Amino acid sequence: MSRKVLKVAAQGLTTSFRYPHFMHGVQPTFEMPPPATIYGHICSALGEWVDPTGVEFAYHFTYLRRVDEVEHTHIVATSSGRLPGTQLPKVLEGAVNPFRRTILYGPRLALYINRPEWEGSFRSPRYAVVLGRSQDLFTYTSVTVVELAQASRAYFEHTLAPYDLGRRIARGVAVLMPRFLDYANRRTPYFERYVMVTRRFTSEELLQPEGSPPEKFWVDPSSPEVDGARLGLFFHSFVDGPWEGVG
C-alpha cells in the first residue's frame, strides 16, 4: 500500500514559536512548530485561507542550538488631543520595555502534506516564506511529490507525535499546542495535546496490547536508512477529530 504526498524541505537562519500564554518579561519557544503555525505557513504559500478539512501533515524538524536574545517593545501613550493643523494624536510619552526571547538557530524542516496537487504553489509561493515570526525568513530547498510506503518497521525522531504515544513509550515531552486558529471566528484558538519526540526510537520499542495485530507505519522511502528501517511519519489534522479545548 502506498500514499502520494507533497514533501517540502525548508531551512532558515532563526525561528521562534511563542508560547501563547506568556505576555511580559520573557518569551520562551516551543521546540517544534505548532500545528497552527504549519496551517498559516501552508496558507501563505497558497495565498489564501484554505479549508483545513481533510488536510493532514507530518514533519521532521531540527535546529542547531537554542539561544536567548533581548528584544524591545516600544509603548507609546497618546492623548485625546490632536497636533495643531493635523489629525495626528498628541504623543505624551514613550516607553521601551526589554524582554528575553528564546530563538532556535539553524532550523530545518521536512514537511509532508497529503495534498500533492499543491506542488506548484510551493514551487512559486504567493507570499514571503517564513516559519514562526514574520522576520524568520525561510528558503525552500526542495519541493517534490513522494510516494510513502507502509512498513512493519520504522524509526521516529524530531517530530510531533500523538499524545497517546506517551502511554506506549517513555520518550518525548507532553505539550499543549495551538492546533488551529479560526480566522472566520475572531481568531478563536483551539488547542491539542501532543508529544514532542527528539530522541530516536524504533517501532519495536512501542508497547503493544497482548494479542493485537501487527502495526503498519507510513515511512518515507527516500529517508536515510537506519538498521534496515526508514523514517516513520505521524500525520495530524487541523480540524478533523475531537478538540482538546478552547483557550
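Tabulated data
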| item | result |
| --- | --- |
| Residue-normalised accessible area of segment 100-247, given per residue in Å² at a 1.4 Å probe | 53 |
| Karplus (6.51, -1.76, 1.60) ³J(HN,Hα), θ = phi - 60°, over segment 207-217, in Hz, Gly and Pro reported as x | 5, 10, x, 4, x, 6, x, x, 8, 10, 10 |
| Total formal charge among the other residues, if their Cβ is under 9 angstrom from that of Glu56, Lys/Arg +1 and Asp/Glu -1 | 0 |
| The chain - percent of accessible surface contributed by carbon and sulfur, probe 1.4 Å | 52 |
| Highest-MSF residue in the chain out of Phe22, Phe234, Phe61 [GNM, Cα springs under 10 Å] | Phe22 |
| Percent RCO, i.e. relative contact order, over the chain, from Cα pairs under 8 Å lying at least 6 residues apart | 27 |
| Net charge of neighbours whose Cβ lies under 12 Å from the Cβ of Thr37, counting Lys and Arg as +1 and Asp and Glu as -1 | +2 |
| The chain: most fluctuating residue of Pro224, Pro35, Pro213 per GNM, C-alpha cutoff 10 Å | Pro213 |
| Compactness of segment 123-247, expressed as Rg and Dmax over alpha-carbon positions, Å | 17.3, 52 |
| Once exposed loop trypsin sites (Lys or Arg not before Pro) are cut out (DSSP; at most 12 other Cβ, 10 Å), longest piece of the chain | 1-125 |
| 0 to 90° range, to nearest 10: angle between helix 35-46 axis and the chain longest Cα axis | 80 |
| Value of Rg to Rh for the chain (Rh from inverse mean 1/r over Cα pairs, i.e. Kirkwood) | 1.05 |
| Listed residues Thr29, Thr73, Thr102, most fluctuating in the chain (Gaussian network, C-alpha, under 10 Å) | Thr73 |
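The values are calculated or read from the model by the stated rules, or taken from the named source; none is laboratory data. Everything quoted here is computed from the prediction, not taken from an experiment. Counting neighbours? That spans all protein chains shown, and the Cβs are built from the backbone with ideal geometry, glycine included. Surface accessibility is based on the protein's heavy atoms, side chains included, excluding ligands, DNA and RNA. Shrake-Rupley method; radii C 1.70, N 1.55, O 1.52, S 1.80 Å.
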